[in-house]
Amino acid sequence: MKQVVSEGCRVPIKMWVSDIEENALAQARNLANLPFIFKHVALMPDCHSGYGMPIGGVIATKGVIIPNAVGVDIGCGMCAVKTSLNEINTDVLKTIMSGIRELVPLGFDHHKQAQEESLMPSLENVPEHGIVHRQYTAAKKQIGTLGGGNHFIEIQKGSDGHVWIMIHSGSRNIGLKVAEHYNKLATHLNERWHSSVDKKQDLAFLPIETQQAKDYFAEMQYCVGFAFANRRLMMERIKSVFSSVIGESFSALEFINIAHNYARWESHFGTNVIVHRKGATSAREGEVGIIPGSQGTKSYIVQGKGNTESFQSCSHGAGRTMGRKQAQRELVLEEEIEKLNSKGIVHSIRNIRDLDEAPGAYKNIDVVMENQADLVDILVELSPLAVIKG
């Protein structure tokens with residue numbers, strides 16, 4: 001499913017979203033009128049408004065990089081492990097979830113002790129004067145931690161008959177600090193250059209030949225690597241809990257990792273460009289990816305079709321229909337709890353504060369998947385058994 005909006009735009013907006021909110025479309029129009037946007041703006045079916053650029057947006061640029069088109073949680077993404085287990089009962093699940101909570105700090109919590117240096121990505125290509133070096137010591141206590149918001153750990157039953165483990169997490173504070181620093185720097189430089197890009201759009205850019213852009217690119221890549229290392233360490237510790245509870249009958253069969261907040265050089269339509277994915281996933285032909293639903297709904301292991309019109313991308317999840325505060329105001333706690341209890345899911349909704357991550361705050365994942373049938377094929381459907389939220 002694809003719609004095209006071109007009125008009032010320098011380049012068209014190509015949308016796979018059927019229910020786009022007004023502010024998200026306005027943000028997409030801002031992008032479409034930037035002088036360095038290549039070909040078109042692509043909006044995935046989970047698209048909703050973000051900071052500067054809509055979440056679920058994909059752009060390609062010529063000659064510049066835009067920190068806010070990557071976002072503040074650089075390298076945020078998913079990993080999933082297919083296990084040898086075919087069944088797991090509720091009592092065992094609860095024991096496993098308790099064990100996970102003991103090993104994996106949640107929300108704003110960090111490890112009390114710095115983790116081993118070998119778990120951290122190499123600093124070899126990172127500028128010595130940059131944010132990463134300043135945050136490195138603190139990051140050694142953050143690696144292997146979940147974070148808050150929509151980050152989660154979920155145990156699932158797959159349509160392939162196997163139990164799966166899935167994690168959604170990012171680069172923690174180090175990614176936030178890098179994002180904030182370079183967006184502030186880009187904003188300052190754009191003002192100095194009297195840039196035609198309106199400051200109110202929050203889309204300040206860095207020309208790629210400048211030292212500032214090169215530094216951002218290197219630090220962004222480090223944060224992508226840190227986010228992957230963070231997910232990998234959590235997964236290893238979760239697997240250790242499974243092994244201690246279940247014993248030798250447990251083994252991991254397959255590991256998948258993908259990011260959905262980053263920029264990288266790619267070739268599209270015969271041109272080398274910088275593709276920015278903010279809440280969107282790479283879906284090159286044959287590439288295996290992960291599209292999670294909301295708490296209480298299905299998630300999917302998918303295979304990309306390499307659709308050139310989406311810059312070979314797909315959605316990164318279901319996408320929000322409500323802001324966090326709105327969900328806490330408008331959703332009914334008892335109803336959201338019943339949605340999960342009726343499916344037998346071991347969940348994390350306890351009070352009104354938790355409603356920002358309730359199923360009712362998200363789009364219908366079935367519609368989202370239907371809207372991107374030309375972007376990905378579904379390999380495995382995953383139904384939730386137990387959920388830990390950050």
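Values quoted throughout were computed directly from the atomic coordinates according to the rules given, and no laboratory measurement underlies them. It should be emphasised that the depicted structure is a prediction, and the values quoted were computed from it without experimental measurement. Glycine gets a Cβ as well: all are built from the backbone with ideal geometry, and neighbour counts include every protein chain shown.
Label-to-label distance for ASN86 and GLU22 is 5.5 nm, based on points extended 7 Å past Cα in the beta-carbon direction. A Cα-only calculation for segment 24-106 places Rg and Dmax at 19.9, 58 Å.
Computed from phi, the 3J(HN,Hα) profile of segment 114-123 under the Karplus parametrisation 6.51, -1.76, 1.60 (θ = phi - 60°) reads 4, 7, 4, 4, 5, 7, 8, x, 5, 8 Hz, with x in place of Gly and Pro.
Which distance in Å, rounded to a whole number, links the C-alpha centroids of segment 239-254 and segment 29-50? After rounding, the separation between the Cα centres reads 43 Å. What whole number of Å gives the distance from the Cα centroid of segment 184-229 to the Cα centroid of segment 331-348? Cα centroid to Cα centroid, the span is 42 Å.
Taking 19 Å as the straight-line reach from the Cα of LYS157, the lysines in range (excluding those fewer than 8 positions away in the same chain) are LYS82, LYS94, LYS239, LYS298, LYS339, LYS343, LYS389. Computed from Cα atoms, the angle from the helix 211-246 axis to the main principal axis of the chain rounds to 10 degrees. Dimensions of segment 282-390 from C-alpha coordinates, computed as largest minus smallest value along each principal axis and given longest first, are 43, 26, 22 Å. Summing +1 for each Lys or Arg and -1 for each Asp or Glu among the other residues whose beta-carbon sits under 14 angstrom from that of PRO121 gives 0.
In terms of packing, defined here as the mean over residues of other Cβ atoms within 10 angstrom, the peptides 231-242, 34-45 line up highest first as 34-45, 231-242. Each residue of segment 11-20 was assigned a 3J(HN,Hα) from its phi angle through the Karplus expression (A = 6.51, B = -1.76, C = 1.60, θ = phi - 60°), giving 10, x, 10, 9, 10, 9, 9, 9, 9, 6 Hz with x at Gly and Pro.
Kindly express, to the nearest 10 degrees and within the range 0 to 90, the angle between helix 172-192's C-alpha long axis and the longest C-alpha principal axis of the chain. The angle comes out at about 10 degrees.
Cross-link partners for LYS2 among the lysines, with Cα-Cα distance under 23 Å and sequence neighbours closer than 8 places in the same chain left out: LYS14, LYS39, LYS278, LYS305, LYS363. For segment 182-321, the C-alpha radius of gyration sits at 1.34 times the compact-globule guess of 2.2 N^0.38 Å, with N the residue count. Excluding same-chain neighbours fewer than eight residues apart, the aspartates and glutamates reachable from LYS214 by a Cα-Cα span under 17 Å are GLU124, GLU128, GLU180, GLU266.
If one takes the longest principal axis of the Cα atoms in the chain, at what angle in degrees, from 0 to 90 and to the nearest 10, does the Cα axis of helix 22-32 lie? So the inclination is approximately 50 degrees.
Largest first, the three principal axis extents of the alpha carbons in segment 130-257 are 64, 34, 25 Å in whole numbers. Rounded to whole numbers, the Karplus 3J(HN,Hα) couplings from phi for segment 355-361 are 5, 5, 10, 6, x, x, 8 Hz, using 6.51 cos²θ - 1.76 cosθ + 1.60 with θ = phi - 60°, and x at Gly and Pro.
Peptides 330-339, 221-230 ranked from most to least packed give 221-230, 330-339, packing being the mean of other C-beta atoms within 10 angstrom over each peptide's residues.
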